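Trainee: The following block contains the structure, expressed as structure tokens.
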Amino acid sequence: MPLTLKQLRYFIAAAETGQISHAAVEMNVSQSAVTAGIQGLEADLGVKLLSRGAQGVALTPEGARFLARARGIMAAVEDAVRSPLGEETRLTGRLRLGVTYTVAGYFMARHYAAFRRSYPGITLELTEQPRAAIENALVTGGLDLAVLLTSNLANHDDLDAETLFRSRRRLWLPSDHPLLTQPQVSLQDVVRQPYIMLTVDEANRTAGRYWDHYGLTPEVAFSTSSVEAVRSMVAAGMGVTILSDMVYRPWSLDGQRIEQRVTVEPVPSMDVGLTWARMRPLSAPAQVFRAFLSLTLGSGG
């Protein structure tokens, strides 16, 4: 059967969280990708694994039995992933790792914890800095490696990069917004709405590039460096925004719903990856960390 590891990951995440939306957030993909993956898995197996209801999803008897097997498969895969790096599990040393705000808040914690469990002898020294400061520190030797938004990388002459995954950017709207009733939403539709602009990690500069590309300028009602502020303002109906799936959550802090839509015009993804100085060999701890994240994410989330 043409089962894939992504299908198994999506199924396990949905079964454990009880929500397709929560599984999508956990896996850094869209809800439609999780739904399609699980439906494909069910078609391959010829059984229904999850029952859908108003409160989310629940395991069917067949799904409960398959969940144990799926977990066993993923445990075996994780063991196989670690085995090429088996000798390095005893490695000791220090890794000075730079991260940007978005990476620190929405990506790094889980992988930091997993790496520390696998390689207890390597000390990870995390430093949160703006992208420009991290690039400079990599070139001058102040950092060994960085995890940042590779789609924002500026110094391509002195730095190499490996993109780990691409997070799709989509339109965020409050649950009662009139654009939700349209079969398609264009960027021309969006510019007619009040716009909440995120500024952290150069989000406003990135947005400016694709708005300029289409010859449009959003009507910015408020600019903020806080993702949670953007979430609350969109949910409350103060405006709309376009942000990546990695920072998307379907609810604001006060429990109001946030919906997503894909725009007719393509919007560039937000890419997360590793960056290091081209002319300086990676240290042994840095090589292990790079291999660990590359294998964990499979260069595709």
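The values are calculated or read from the model by the stated rules, or taken from the named source; none is laboratory data. Predicted model only: the values in this text are computed from it and were never measured. Virtual Cβ from ideal backbone geometry, glycine too; neighbours counted across all protein chains shown. Note: accessible area is taken over every heavy atom of the protein model, side chains too, but ligands, DNA and RNA are not part of it. Shrake-Rupley method; radii C 1.70, N 1.55, O 1.52, S 1.80 Å.
Trainee: What size of dipole, in debye to the nearest 20, comes out for the chain about its Cα centre when the only charges are +1 on Lys and Arg C-beta atoms and -1 on Asp and Glu C-beta atoms? It would help to have the intermediate numbers written out before the result.
Mentor: Numbers: 29 positive and 29 negative charges, 122 e Å.
The calculation lands at about 580 debye.
Trainee: Measure off, as a whole percent, the carbon and sulfur share of the 1.4 Å-probe accessible area of the chain, all protein chains present. Before the final figure, lay out each step's value.
Mentor: Details: 7380 of 14070 Å².
Result for the chain: 52 percent of the exposed heavy-atom area is carbon or sulfur.
Trainee: I've got another one for you. Counting DSSP beta bridges in region 171-301, what percent are antiparallel, to the nearest 5? Don't skip to the end; give the middle numbers.
Mentor: Details: 7 of 14 bridges.
Of all bridge pairs located within region 171-301, approximately 50 percent are antiparallel.
Trainee: Hey, if you drop one equal point scatterer on each alpha-carbon of region 1-70 and run the Debye formula without solvent, what base-10 log of I(q)/I(0) do you get at q = 0.22 Å⁻¹?
Mentor: Ignoring solvent entirely, the Cα scatterers give -0.88.
Trainee: Between ARG65 and SER225, what FRET efficiency comes out of the Förster formula 1/(1 + (r/R0)^6) with R0 = 51 Å and r the beta carbon distance, rounded to 0.05?
Mentor: The computed FRET efficiency comes out at 0.60.
Trainee: Under the definition of Cα pairs under 8 Å and six or more residues apart, what whole-number percent is the relative contact order of the chain? Don't skip to the answer; put the middle values down first.
Mentor: Values: 495 pairs, mean separation 65.2, N = 301.
About 22 percent, as a whole number.
Trainee: Also: Tell me the per residue accessible area of the chain using a 1.4 Å probe; a whole number in Å² is fine.
Mentor: For the chain, the per-residue accessible area is 47 Å².
Trainee: So what's Rg/Rh here for the chain, counting alpha carbon atoms and using the Kirkwood radius for Rh?
Mentor: Details: Rg = 20.8 Å, Rh = 21.0 Å.
So for the chain, dividing Rg by the Kirkwood Rh gives 0.99.
Trainee: When only C-alpha pairs under 8 Å and at least 6 residues apart count, what is the relative contact order of region 164-298, in percent?
Mentor: On the way: 204 pairs, mean separation 54.4, N = 135.
About 40 percent, as a whole number.
Trainee: Report the antiparallel proportion of the DSSP beta bridges in the chain as a percent, rounded to a multiple of 5. Could you put the intermediate results ahead of the total?
Mentor: Details: 25 of 42 bridges.
Counting only bridges with both partners in the chain, antiparallel ones make up about 60 percent.
Trainee: Using the C-alpha atoms of region 238-288, what convex hull volume per residue, in cubic angstrom, is computed?
Mentor: Numbers: hull volume 8.4 nm³, N = 51.
Normalising the Cα hull of region 238-288 by residue number yields 164 Å³.
Trainee: Now for a different question. At most 16 other C-beta atoms within 10 Å and a DSSP loop state: those are the exposed trypsin sites (Lys or Arg not before Pro) I care about. Give me the longest piece of the chain that has none.
Mentor: Values: sites that count: LYS48, ARG192, ARG278.
Free of exposed loop sites, the longest segment is 49-191.
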